[in-house]
Amino acid sequence: MKSKILTGSIIAAYALLNTSAFAEETTTLDPIVVSADFREEKLSETANSVTVIGEEEIYDKSTQSFIETLASTPNVNFSSGASKAKYIQIRGIGERSQYATPVNPSVGLMVDGIDFSNATLGVTMFDVKQIEVLRGPQGTTFGANGMAGVVSLESNEPTKETEGHVEATIGDYNTKAFGAAVGGTLINDTLLGRISVYKNTSDGYMKNSYLNREDTNNIDEFTTKAHLRWFASDKHTIDLNYMYIDIDNGYDAFTFDNSRTSHADEPGKDTQETNAFAIKSTYQVNPKMHLISRVSYSDSDFEYSYDEDWSYVGEFDDSLYPYSSFDQYLRERKQTDIDVRLVSDQDGRIFNGSSDWTIGVYYKDSSEDLTRNYTYLSGPFGSTYDTTNKAIYGQLDTAINPKLTLVTGLRVEGWDAKYRDSDLISIDTDETLVGGKVGLNYQEAADRLYYISLSKGYKPGGVNDDNALPDEARQYETENLWNLEAGLNSSHFENTLTSRLNIFYGKRKDQQVKSSLVLPRPDGSTDFIDYLTNAAEGHYYGLESELHYYPTDSLHLYSSIGLLQAEFDDYVDPNPSAIDMNGRTPAHSPEYQYNIGFDYSFADAWIFKTNVEGKGSYYFSNRHNEKSDSYALLNSSLEYTNGNWGAIAWARNITDEDYQVRGFGSFGNNPGNGYATELYTQQGAPRTVGLTVTYDF
């Protein structure tokens, strides 16, 4: 399968590079605008490996997991180990779980200007304008949160005209959802507003036979978003975003036989309650420059808990040494971000009018308080993790000639972290981190942009919390990533065929990896302790391709392909019993991913959509060699519109494919087989069907 996809990608790339003779200079380029960088640019003019998921693709996905939606983009993977997917990996880099140890994210996540990198559970899909996925280090723009890449989500903005959207969904597994959004002018033309409310519930896909319930892994989401835009003057605009999020999901996902039937007598929870706001000020200082200031704040409470034994008291005979335990992690995170930057305008270019420039400063203060309640602890375990970031950054975009642009960016960031816990452990970290970018963009024609760049990203080091770990495993170092990209954005046949092709190579130094230690307990069960460590060095390389073809006004064909080869060059683990991973692929790094489909409009009022999302097998962990199955999911929807009304019948995973979204393979948890080490997996969503009715005004 991998060789077929690789061959197809090479053929597609060859075809793209050799059809340029048919392109016309008068081509009208795409209207999609990417705003996650310092300057808004059309997608076709963005010299980066970026995917934009537009509103037309999001429209029928309100009830779908946000992170699973991202999985349709090249080289973006995810893991669950929770009520739903909530950990993102880009090109094999990213977290797969979090227990007691504080985590510094590899993938940044921004929602309407608010940092949600450590709060992905609370991101929902209703009233969303677009999602931008930037792959590769974003060291200049996002710093410590952007080593693997950044995902930016933008909600629909206020408009001068009064408009609104209402939708209701019903589906199997007792899925019910309702959302409403309305916006328009509040005061003359100087104050605009928009507010949305969304509620989504589902029983989930697990059945608990002991409790005779079908909702122990349920989804219960409530989100409110508000946006005010004030035109203070013709030179000054102020935006205020506010979000309230209440996620109250259940967590009961693992079984001894990897089925969807649980025996747990104490199902857990996976919850998040967040209050957050962001204020953005855009001020035209003079004709040469404008000042952009952002302040955001978020306060979130989380509970992540589970029945560790996956069984009920009395299920096993005492001679088999069964155990019963419950693990609960309660977190409170508070974060303040301040970003102030000056951005040049056309009249403000320097060096004889050849260079656009950006210069800015950034400050972040974050605190995380943890309380762990666990059966095998004599009392609650508590810890605090406080971090402060201070950065200065800048970028120059210098036109060497009308077609060739040199891009240079630099970010210097001070990182200060303080860890304290109830075991009287105290660890302080203070270091200076440096990231940046050097690139060349060649606009050969209006419909062809070539680019190459070398960028450096970083991810701060941190601490591991468990006292059972050896001293050398209590801390891990900062990881640095050097990444080389080369790509081509092109348009052909009067813009009916557009493509983005990107190849990349990355070198990881002091590569951070999740590992684990398994220790026996007196009752015969095992204690599973995860920790982060540095695996010395690693590398990766691959390709990302996206094609969109409109042969007629009614037909849209598309494909996206991601190829990835990753390897540990030198793996060192402080755990002496760890498996030698030298030369092996890191966890959650599938060799291929693809999304192929089409949209067809017919009879004026109907749209039929279908696509196949596929992914290769990948290792679940860096602690063992168990792997997921490769899979392909078939999805379809049929949409009918009549005036302001619409109805969408949708089906996901139509063939009811079995696939895994999390796996453990380094311990045994089943008393019935003597706690033999075996593979335990969490299953992905089965076939689901539903109907969404909408009304727009």
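The values are calculated or read from the model by the stated rules, or taken from the named source; none is laboratory data. Nothing here was measured: the structure is a model prediction, and the numbers come from that model. Neighbour counts are summed over all protein chains in view; Cβ atoms, including those assigned to glycine, are modelled from backbone coordinates with ideal geometry. Ligands, DNA and RNA are excluded from the accessible area calculation, which covers all protein heavy atoms including side chains. Shrake-Rupley method; radii C 1.70, N 1.55, O 1.52, S 1.80 Å.
For the chain, what does the relative contact order come out to in percent, with C-alpha contacts under 8 Å and a separation of six or more?
Value for the chain: 12 percent.
Taking only Cα atoms of the chain, what ratio of Rg to Rh do you get with Rh as the Kirkwood inverse-distance radius? The partial results should precede the final answer.
Details: Rg = 25.2 Å, Rh = 26.4 Å.
My calculation puts Rg/Rh at 0.95.
Please give the contour-minus-distance gain from PHE222 to GLU163: 0.36 nm per residue of separation, less the Cα-Cα distance, rounded to one decimal in nm. Write down the numbers at each step before the final one.
On the way: separation 59, 0.36 × 59 = 21.24 nm, distance 2.21 nm.
So the chain would gain 19.0 nm between PHE222 and GLU163.
List, in order, the whole-Hz ³J(HN,Hα) value for each residue of segment 625-637 obtained from phi through the Karplus relation with A = 6.51, B = -1.76, C = 1.60 and θ = phi - 60°; use x for Gly and Pro.
10, 6, 10, 7, 8, 6, 7, 9, 10, 9, 10, 8, 8
For SER233, project a label point 7 Å along Cα to C-beta. Then give me every residue of segment 158-200 with its amide nitrogen under 20 Å of that point.
Under cut-off, by backbone N: 188-192.
So what is the accessible area of the chain per residue, in Å², with the probe set to 1.4 Å?
Details: 28120 Å² over 697 residues.
I get 40 Å² per residue for this part.
Put a dot 7 Å past each Cα toward the Cβ at TYR283 and ASP527; how far apart are the dots in nm?
5.6 nm
What pairs in LYS288/LYS507; LYS334/LYS459; LYS225/LYS509; LYS403/LYS437; LYS235/LYS334 have C-alpha atoms more than 29 Å from each other?
Working: LYS288/LYS507 39 Å; LYS334/LYS459 20 Å; LYS225/LYS509 40 Å; LYS403/LYS437 20 Å; LYS235/LYS334 33 Å.
As for pairs spanning more than 29 Å Cα to Cα, those are LYS288/LYS507; LYS225/LYS509; LYS235/LYS334.
Provide the per-residue ³J(HN,Hα) series for segment 141-156, in order, calculated from phi with Karplus coefficients 6.51, -1.76, 1.60 and θ = phi - 60°, each as a whole number of Hz, with x at glycine and proline positions.
For segment 141-156, the Karplus curve yields 7, 10, x, 4, 8, x, 5, 7, x, 9, 10, 10, 10, 10, 7, 4 Hz.
In nm, to one decimal, how far is the VAL612 label point from the ALA445 one, both placed 7 Å along Cα→Cβ?
Distance between the two pseudo-spin positions: 3.3 nm.
For the chain, which whole percent of the accessible surface, found with a 1.4 angstrom probe, sits on carbon and sulfur atoms?
Numbers: 15530 of 28120 Å².
The nonpolar share, carbon plus sulfur, comes to 55 percent.
Explain nothing, just the number: relative contact order of segment 368-493, from Cα pairs under 8 Å at least 6 residues apart, as a whole percent. Could you put the intermediate results ahead of the total?
On the way: 265 pairs, mean separation 22.4, N = 126.
So the answer I get is 18 percent.
Set Lys and Arg Cβ to +1 and Asp and Glu Cβ to -1, take the dipole of the chain about its Cα centre, and tell me which of ILE579, ALA651, GLY597 lies farthest positive.
GLY597
Give, in nm to one decimal, the length gained when the segment between LEU291 and ILE392 is fully stretched (0.36 nm per residue of separation minus the Cα-Cα distance).
34.8 nm
Please work out the Cα convex hull volume for segment 539-697 and give it in Å³ per residue.
On the way: hull volume 26.5 nm³, N = 159.
Output value, Cα hull per residue: 167 Å³.
For segment 400-443, just say rounded, prolate or oblate: build the C-alpha gyration tensor, square-root its eigenvalues into a ≥ b ≥ c, call rounded for a/c under 1.5, and beyond that prolate if a/b exceeds b/c, oblate if not. Please list the in-between numbers first.
Values: a/c = 9.39, a/b = 5.32, b/c = 1.76.
Prolate.
So the label point goes 7 Å from the Cα of PHE602 along Cα→C-beta, right? Which residues of segment 640-677 then have their backbone N under 18 Å from it?
640-642, 647-651
Taking the alpha-carbon set of segment 212-298, what are its Rg and Dmax in Å?
22.3, 68
For the chain, what is the mean residue ellipticity at 222 nm derived from helices alone (per DSSP H run of n ≥ 4: -39500 (n - 2.57); sum divided by total residues; nearest 500 deg cm²/dmol)? Kindly include the intermediate steps, with their values, before the conclusion.
Working: 3 runs with 25 residues, N = 697.
So the calculated ellipticity at 222 nm is -1000 deg cm²/dmol.
What ranking of ARG411, ARG294 comes out by heavy-atom accessible area, probe 1.4 Å, highest first?
Details: ARG411 5, ARG294 70 Å².
Output order, biggest surface exposure first: ARG294, ARG411.
Please work out the Cα center distance from segment 467-537 to segment 630-675, rounded to the nearest Å.
Each part's Cα centre sits 25 Å from the other's.
Measure nothing but the geometry: give the 0 to 90° angle between the long axis through the Cα atoms of 2-17 and the longest principal axis through the Cα atoms of the chain, rounded to 10°.
For 2-17 against the chain, the angle is about 10 degrees.
State whether segment 296-356 is rounded, prolate or oblate according to the following rule on the C-alpha gyration tensor (a ≥ b ≥ c being the square roots of its eigenvalues): a/c under 1.5 gives rounded; otherwise a/b larger than b/c gives prolate, and the remaining case gives oblate. List each step's numbers first, then the result.
Values: a/c = 9.32, a/b = 4.13, b/c = 2.26.
Cα axes put segment 296-356 in the prolate bin.
Suppose the chain between TRP645 and SER378 were pulled fully straight at 0.36 nm per residue; how much longer would it get relative to their current alpha carbon spacing?
Working: separation 267, 0.36 × 267 = 96.12 nm, distance 5.93 nm.
90.2 nm is the gain from fully extending TRP645 to SER378.
Once label points are set 7 Å from the Cα along Cα→Cβ at both THR185 and THR655, what is their separation, rounded to one decimal in nm?
Each label point is offset 7 Å from its Cα along the Cβ direction, giving 5.4 nm.
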